[in-house]
1. Quick one: which of A:R438, A:R479 is touching a residue at least 12 places away in the same chain (Cβ under 8 Å) and in contact with a strand residue (DSSP E or B) (Cβ under 9 Å, 6 or more places away or on another chain)?
2. Suppose we keep only residues that are surrounded by fewer than 18 Cβ atoms within 10 Å (Cβ to Cβ) and touching a residue at least 40 places away in the same chain (Cβ under 8 Å) within the range A:121-137. Which one would you say is nearest to A:R233 (Cα to Cα)?
3. State the number of residues belonging to the range B:60-78 that are within 12 Å of another protein chain (Cβ to nearest Cβ) and not charged (D, E, K, R).
4. Tally the residues that are within 13 Å of chain B (Cβ to nearest Cβ), in a helix (DSSP H, G or I) and either polar (S, T, N, Q) or touching a Ser or Thr at 6+ places or on another chain (Cβ under 9 Å) (or both), restricting the search to the range C:226-260.
5. Could you say which residue among B:I250, B:I203, B:I228 is within 12 Å of chain C (Cβ to nearest Cβ), among the β-branched types (V, I, T) and touching a residue at least 40 places away in the same chain (Cβ under 8 Å)?
6. Only residues in the range B:114-134 that are closer than 19 Å to C:Y315 by Cβ count as the first member; pair them with residues that are of a type in the set (F, W, Y), Cβ under 6 angstrom, at least 6 apart or cross-chain, and list the lot.
7. Checking the conditions here, which among A:G120, A:G104 is closer than 18 Å to A:D162 by Cα and modelled with pLDDT under 95?
8. Given A:V296, A:V307, A:V291, which one is over 23 Å from the mean Cα position of the chain (by Cα) and either away from chain C (no Cβ under 14 Å) or over 30 Å from A:M432 (Cα atoms) (or both)?
Amino acid sequence: MIQHATFMRSGRAIVFLLASLLLASGALAQDRRTETLIIANEFGPNSLDIHGVGANRPAYGVAWVAYDRLMTYGRKTLPSGVVSYDYNKLEPELAESWEIAKDGMSVVFKLRKSAKFHDGTPVTAKDVKWSYDRAVSIGGFPTFQMKAGSLEKPEQFVVVDDYTFRVTFLRKDKLTMPDMAVPVPSIYNSELAKKHATAADPWAAEWLKSNEAGGGAYKVESWKPGQEIVYTRFDDWKSGPLPKLKRIIQRDVPSAGNRRALLVKGDIDMSYEMPPKDFAELSQEKGNVKVVSVPVENAIWYIGMNVTKPPFDNVKVRQAVAYALPYDKMFDTAIYGRGVKLWGASSNAPKTAAWPQPDAYATDMAKAKALMKEAGYANGFETTISYDLGSGTVSEPMAVLIQESLAQLGIKTTINKIPGANWRAALLKKDMPLIINRFGGWLNYPEYFFFWCYHGQNAVFNTMGYRNAAMDKQIDAARFEDNKANYEQLVKNFVQKSFDDVPRVPFVQPTQDVAMQKNISGFVYWFHLQPDFRQIVKM
Amino acid sequence: MTAATIATAPKRPSHFRYVVGENPVTAFAFVLFGLFVLLAIFGPAIAPYDPLYTDSAAALRPPMKGHWFGTDSVGRDILSRVVVAARMDFGIALAAVALSFAIGSALGSCAGYFGGWTDRIVSRGSDTIMAFPLFVLAMGIVAALGNTVGNIVLATAIINLPFYIRVARAEVNVRRNAGFVEAARLSGNTNARILLRHLFPNILPPTMVQVSLNMGWAILNAAGLSFIGLGVRPPQAEWGIMVAEGAQYIVSGEWWVALFPGAVLMLAVFCFNLLGDGLRDLIDPRRRT
Amino acid sequence: MLATIAKRLFAAIPSVIGVIVVTFVLTRALPGDPAAYFAGPAATTEAIEQVREKLGLNASLPKQFVRYVVDLAHGDWGQSHSTGQPVLTELAQRLPASLELTLCALAIAALVAVPLGIVAATRPGSWIDHTCRIVTTAGVSLPTFFTGLLLAYIFYFLLGWAPAPLGRLDPYLTAPPPVTGFYLIDSLIAGDWEVFVSSAKQLALPAVTMGLFVMAPLARMTRAAMLGVLTSDFIRTARASGLAKGTILYRYAFRNALLPVVTTMGMVFSFMLGSNVLVEKVFAWPGIGSYAIEALTASDYAPVQGFVLTMAVLYVLLNLAVDLTYTLIDPRVSLDG
């Protein structure tokens, strides 16, 4: 009997203990949940090192929150009420202050003395120099991005003392300062990195691919490639106000329908990539999900025609195509209205130096047919429409509609959807006659866009193979033109030329849509289109 | 005996009628198969709309009068596309299986008949294919060669080869030295003639069943390839790619885009599977299950 | 015994070699240019050449093949260019996820299909028999990705019975310390009940999706085998001797019918391992299937080769295991021959 009683008592004790544990864990779970953000995307980073070969877009997001840069951009509020970065305002991040020399050919940064890396090492100017040297020497995308701001040689970067860093300019380039606030010149923990460098790998690229060595607001707690990346707040972060979120879990969920279901059911907090239709519907629904939309700066969806491949070498054929595109249909069924229309202006002569801006083309089959006749192709011809499988949600309906429209001109097309790796290679080969593609530039200047997409240097983004000496002169001049009036005139000139010659037909300026629970605030739009968890608050 | 005194025996039901009569499910499968064949042949003629005609204003309309299966994301009539796709899917299935059967039987027969190195090479090749994860092999072939209908057929044919090779080899091997083969040889028939005229008919019974099952599997394979983007090219109508495209609309409530092609696809594969069982009962009663 | 096992493994080597060669050729025939892909979006032709040199893609095909085989022999399965991780490590991490899913799917399928097959065999030609055939055939007639999405929609989105299709574990929980890599086992070893329950719940939908697809062959084979055994002499004797129906069915008939059922299970298991790619994609399951698909679309050679090689080896081991099980079930069966 006594044994039974003790057993019952101990049994009761166990039950009580379990119950209180459950309650406590429930309470803890509740706390955990307001300080943890779960975000689901189609795919995650393929590297923790933005300088690494083939780093994908989500990898830029890693650099953004796990690493600091000397400066960052300020904020502005858009007419829609959304907070965006302001590319005209540079603000301190790792650098507390900076001073541009009187001759305008160098700048000196004073670094924060309290800044530390995640392993506790203080951040000093030699780390900045190592990181900048790395960015301009390692080759590939980072070097080319640095070059866009005339940051090209290690000799430009000088350690004055532990907390003072100088950058000398090669030429007066208005993009130099902004280029130092983009994700590429992230500050690496050079001591830690050098420990893992080898003779064959002096920049520790191997090690940094899967290990983070930064001093940013968040530490990478764990990374399972293809599955998830988990960030924890770096409580000693001094380069800005300490973020409210303590933990970020970013999971890969390849199925778009599932991402929507997860959002609606409240099992995830945020998602970036979904089909435009889902964003359109979620923004109308009265549930617990809200959608934030911002037109992506300096980006357009376009239909490109390879001017080196007849009959697209004939400007009248290109114009005919521009008049034959089913703009409204595509806007409704491919993009669901998530974009800014870039057609139907009153004329091809721009009134402002804004970019992107609409051209004067619109769906006009009669004009299109007349132009085809003038060009000598009254009976049409055969060609292919190509697009990247990865962007198929938008590109495929566009392709189908374009195919149908062009058929009315006698242009018979086959649709060619090209998977990932092949797409990049095909773009490089420049042998596709007609493509549907999207391009956006980080630095919001029209001449920057045109430099990569229309200039005769024939960069890979000049998918049309377009070369026009007069336009090149205008673009080059605009890059270094100080006088505002002259600058705007140059821009208007080359924009008009691009509309008249129409090697690519602009379609829409896409919006970046982000869907999130209604209790989430603090979203900021950034040009790199990656989430910035440092400002986000979950109520 | 005069003709008058010979009483005519009562007519026994044909074997076919007996088997089908005994098993209503098989009967159902044969009827369904017939319907599908008719659909494949006459589909494009009876479709109410042009399967390629888009009407963006009428995109994603639910099933209603005039569009009994609703419309898809660019406003095409789903009923018309489903009907027309029958030809594409049956075509793919038939071509893939016919190719597989022809090549597999030929290879297997040679292996079983000649033995020696032919046998070794063919068997090893067949084992190698079987050791592959089949769907990934199909994916690889289509990715490597390009996603045209021809390549999809080729990939499906390749992954189905081992079965036909194995069966053909087994059947021919067993009869290689049988009496009738010896007799044929002695009368001067060439090896090719022996293989084709005498040995080949023996392969048919066990493979017939598998042919039917493989046709169902070929359609599912094409659907899987479409899901990852390696299926037929748009704007072709094919059940698999319609299901794959419709899958993204399930959560947002446009269930008809995936459901109707999915149901018809399932019915077709279902029919092929049941047909396989029926054929087995018909052709080889010993192996009835 | 060991000698026969060794002999069998030896005999399987030519197939494995064949698989290696074919995969190598196939991946090299993929039209993408991995160098262009990994040099990044803004690369110039020179930059891509550099990357191509670094990736060793400029050597002739036979040289590349030799290098690959030599590396394999040293245990170096190459590196995935898209994740930057060694292929062997990633496969080792992801294989348990796929195995756990496949085994659970097989268990679910067997638990449903085998009894169904037995019942159908005891009443051949009845409506139960026909229903069994129709239900199982229906399961195998739908593409797996469609079944998966449909089940997720109904049971997660509409009914809320199943948990979020976010992978193997609820995101707020952390994985148990890896012992076998199977979350179900590891969580029990670590004594973490919450993780065990969560893993089991996350497994439910994907396992059912895959299981539906293989019920038909299992049910059909069970039915056929049982029918064959039930009509044999010794069963007739048992019936005549007045043994209870249950005893006859399970103690005698089923055991004898087990052989072909086990074969089918083996076949079905290896088929599932190869075809789980679509289910893994739908449910965000971090297994080797999704790994292989992503690598294939990125023209990333090493993971695809590694995946296929793993599958081939597993296939060989599986066949061996099935044969060994045979000898356990039926002492008359020997491994030789």
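The values are calculated or read from the model by the stated rules, or taken from the named source; none is laboratory data. These numbers were taken from a predicted model, which means no experiment stands behind them. Because the Cβ atoms are built from the backbone with ideal geometry, glycine has one as well, and the counts that use them run over all protein chains shown.
1. On the way: A:R479 fails: in contact with a strand residue (DSSP E or B) (Cβ under 9 Å, 6 or more places away or on another chain).
On inspection, the qualifying residue turns out to be A:R438.
2. Ranking the qualifying residues of the range A:121-137, first place goes to A:T121.
3. 5
4. Taking the range C:226-260 as the starting set, the residues that turn out to be within 13 Å of chain B (Cβ to nearest Cβ) are C:226-231, C:257, C:260.
Applying the additional criterion that residues be in a helix (DSSP H, G or I) yields C:226-230, C:257, C:260.
So of that shortlist, the ones also either polar (S, T, N, Q) or touching a Ser or Thr at 6+ places or on another chain (Cβ under 9 Å) (or both) come out as C:226-228, C:230, C:257, C:260.
The qualifying residues number 6.
5. On the way: B:I250 fails: touching a residue at least 40 places away in the same chain (Cβ under 8 Å); B:I203 fails: within 12 Å of chain C (Cβ to nearest Cβ).
Answer to the check: B:I228.
6. Short answer, once both residue conditions are applied: B:A131/C:Y315.
7. On the way: A:G104 fails: closer than 18 Å to A:D162 by Cα.
Answer to the check: A:G120.
8. Values: A:V296 fails: over 23 Å from the mean Cα position of the chain (by Cα); A:V291 fails: over 23 Å from the mean Cα position of the chain (by Cα).
Selected residue: A:V307, the only one of A:V296, A:V307, A:V291 that is over 23 Å from the mean Cα position of the chain (by Cα) and either away from chain C (no Cβ under 14 Å) or over 30 Å from A:M432 (Cα atoms) (or both).
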